[in-house]
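One structure below.
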Amino acid sequence: MSEWFNNAARRVSAVAGNYWTFMIAIATIVVWATCGPFFHYSDTWQLVINTGTTIITFLMVFLIQNSQNRDAQAMHLKLDEIIRTISEARNSMINIENLTDDQLAELQQQFEQIREECDPQEEERKVKESAAEMQDLRKKHTA
């Protein structure tokens, strides 16, 4: 059941974020608004759009949250892999999403201090070295 939901959420997210889906939503609103005079702007006429949008919004909240959770998890795993493979990185950074707010604030202060102390040329050299290491790793994985 979970796999079915994940697949459905992925498909609905792709469709919901599409240009044509937005245009269909706009067209639906235009048709609904145009029908107003025919239904004398009745309570039922208003109830149709209110009920429809409420149901869609309610369901989309869960689908969007599922999509964001999946994206965040994938991003964490990618970053964890990068941290794990770079020898100068602190492996303790792999699980920082479970730190308290105070611990994260302390870590943020440490990085602000590091940024202030950084020599731009030294940083550029390190970035180039890291990029070269990543290319070497990529070559090893593809070979």
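The values are calculated or read from the model by the stated rules, or taken from the named source; none is laboratory data. Just so it is clear, the structure is predicted and the values come from calculations on it, not from any experiment. Here the Cβ is made from the backbone with ideal geometry for all residues, glycine too, and neighbour counts use every protein chain on show.
What the table below lists for this structure:
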read-out	value
Looking only at segment 97-118, and only at residues there that are within 26 Å of the chain's Cα centre (by Cα) and part of a loop (DSSP other than H, G, I, E, B), the one that is surrounded by the most Cβ atoms within 10 Å (Cβ to Cβ)	99
Residue 12 being surrounded by 11 or more Cβ atoms within 10 Å (Cβ to Cβ), touching a residue at least 12 places away in the same chain (Cβ under 8 Å) and in contact with a Phe, Trp or Tyr (Cβ under 8 Å, 6 or more places away or on another chain)	no
Filter result (modelled with pLDDT of 80 or more and not polar (S, T, N, Q)) within segment 109-136	111, 112, 114, 128, 129, 131, 132, 133, 134, 136
Residue match in segment 52-66 (condition: modelled with pLDDT of 80 or more, surrounded by 10 or more Cβ atoms within 10 Å (Cβ to Cβ), over 30 Å from residue 32 (Cα atoms) and in the same structural domain as residue 11 (by TED's automatic domain parsing))	yes
Residue within segment 26-44 that is loosely packed, with under 11 Cβ neighbours inside 10 Å and under 26 Å from the mean Cα position of the chain (by Cα) present	yes
Set 81, 106: member being among the acidic types (Asp, Glu), assigned by TED's automatic domain parsing to the domain that holds residue 7 and modelled with pLDDT of 85 or more	81
Residue check for residue 67: out of contact with any Lys or Arg (no Cβ under 6 Å at 6 or more places or on another chain), of a type in the set (S, T, N, Q) and within 30 Å of residue 134 (Cβ to Cβ)	yes
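Matching residues to (1) at pLDDT 85 or above; (2) more than 21 Å from residue 62 (Cβ to Cβ):
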site: 3; (1), (2): yes, no
site: 6; (1), (2): no, no
site: 20; (1), (2): yes, yes
site: 23; (1), (2): yes, yes
site: 27; (1), (2): yes, yes
site: 30; (1), (2): yes, yes
site: 33; (1), (2): yes, yes
site: 37; (1), (2): yes, yes
site: 40; (1), (2): yes, yes
